[in-house]
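Take a look at the structure below.
Laboratory data are not the source of any read-out in this text; all were calculated from the coordinates shown. Nothing here was measured: the structure is a model prediction, and the numbers come from that model. Cβ atoms come from the backbone with ideal geometry, glycine included; neighbour counts cover every protein chain shown.
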Amino acid sequence: MEKPEKKIYKVLLLHDPQHPRGWPIVAGISRGKYFISPDDLPERVCNFLALLKENSEVWRTKATINRIASRIREKNGDFSHEIQVAKGRRVVDGRRLTLEIHYLEPEPDIDSLPEIDMGARCDGAKWGLADWYPEVSDRIEDALKNNTCRTWTTGWYGSKKEIASARISRINKKIVIEASVSDDFDTNGYGRVDIPHTTDLGKLKTAIDQAHDVAENDRERNLPVELWAIKENGEVWVETFLRHRPVHCWDCERETPPGDCYHEWGFQGDTDLPEEIKTAIENKIMNDESPVWVGSYLVEKT
C-alpha cells in the first residue's frame with residue numbers, strides 16, 4: 001500500500017506583543033511557490049496550529065518548536081501519523097518563526113466515495129475478477145479517462161464463476177484495487193493493491209489479478225479446515241476426509257465443519273470403503289503423511 005499524499009506548508013508566525021502570553025499570529029502561509037489563505041489549509045493542520053498557539057511557551061523559553069510540536073502530538077494522538085514539523089527557524093530576535101509542516105493527507109473512507117454507474121448486470125466479470133463484460137469494461141475505461149481529478153469507486157462487483165468480488169477506486173491520484181474471496185467453508189480472504197493512476201486497462205487487470213492472489217493467500221491462511229482426497233488407483237477421487245487444521249485449534253469445538261457443503265468431520269461417505277482401509281487412511285492423515293498410498297488408494301492433502 002502506498003503512503004498517503006504528502007503536502008508541505010510553510011507557515012510564518014509572528015509574536016503578538018499585545019497579548020499577555022505572547023500568542024503567535026499566523027502572518028503567511030505558502031505551499032510551493034504560492035501563498036494560500038488559511039481557509040485553504042486542511043482542517044487537521046488548522047487544529048494543529050491552534051494547539052501550537054495554546055502552547056505559547058515556545059515564545060518564552062529556549063525550547064525548540066520541534067519539542068513543543070512533539071508534546072502536542074503526544075497529547076493529541078490524532079496528529080501523530082499525519083503531521084510532522086520538519087523545520088523550525090527563529091529570526092528577528094525570537095519574534096518571528098517559520099515552520100515547515102509536512103502533512104500526510106488521510107485516505108478517505110472508500111465506502112463513502114461516489115459510485116460510478118456500472119450498468120444493470122448483477123456480475124461484473126465472468127472468469128476471475130478482470131474478465132469484465134464489455135459494458136462493464138467500457139464504463140471502467142470511461143471513468144479512468146474522464147474522472148482523473150476526482151475520487152470515485154466502482155463499488156463491489158462479483159464474478160459469475162467464482163466466490164469472489166472486487167472494487168476499483170480512485171483516491172489521491174492512485175487506483176486502489178480490492179479483492180474479496182470466500183469458499184465452501186465460508187472462509188473469507190481480502191487483498192489490496194495500489195497503483196498510480198492509469199488509463200491502461202492491461203495494467204489495471206494485472207493489478208486486479210495481483211489483489212485476487214493476495215486475497216486467496218489470505219483465505220488459505222484463514223481456512224480452519226483441511227480437506228484430504230482419497231483417489232482410487234491415484235486417479236479417481238472416490239472419498240473425502242475433513243479435519244481441523246492444527247493451527248486453528250480454537251475452532252476445534254465445532255461439531256460440524258463451517259459452511260453449508262459438508263455436515264460432518266472425517267470421512268464424508270462418498271464411497272463404502274472397507275473399515276481396515278479407512279482406519280489405515282485416517283492414521284496416515286493424523287500423522288500428516290501426504291501424499292501416501294494405502295493399498296490401491298492415494299491419500300493427499302488438497
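Compared with the alpha-carbon gap, the fully stretched path from Ala50 to Glu255 is longer by 68.0 nm at 0.36 nm per residue. Starting from the 7 Å offset along Cα-to-Cβ, what nm value, one decimal, do you get for the label separation of Asp138 and Asp39? Modelled inter-label distance: 4.3 nm.
Which shape class, rounded, prolate or oblate, goes with the range 225-301 when its Cα gyration tensor gives a ≥ b ≥ c as root eigenvalues, a/c under 1.5 marks rounded, and past that a/b bigger than b/c marks prolate? In terms of gyration-tensor shape, prolate.
Label positions at Glu235 and His197, each projected 7 Å from the Cα along the C-beta direction, are separated by 5.8 nm. In loop segments of the range 216-302 as defined by DSSP, the trypsin sites (Lys or Arg not before Pro) with at most 15 further C-beta atoms inside 10 Å of their C-beta are Arg254. Calculation over all alpha carbon pairs of the range 110-221 in 10 angstrom steps from 0 returns a P(r) of 15, 50, 30, 5, 0 percent. Taking a Cβ cut-off of under 14 Å around Trp127, the surrounding Lys, Arg, Asp and Glu residues balance to a net charge of 0, with basic ones at +1 and acidic ones at -1.
In plain terms, the chain from His263 to Glu276 could stretch by 2.3 nm, reckoned as 0.36 nm per residue minus the Cα-Cα distance.
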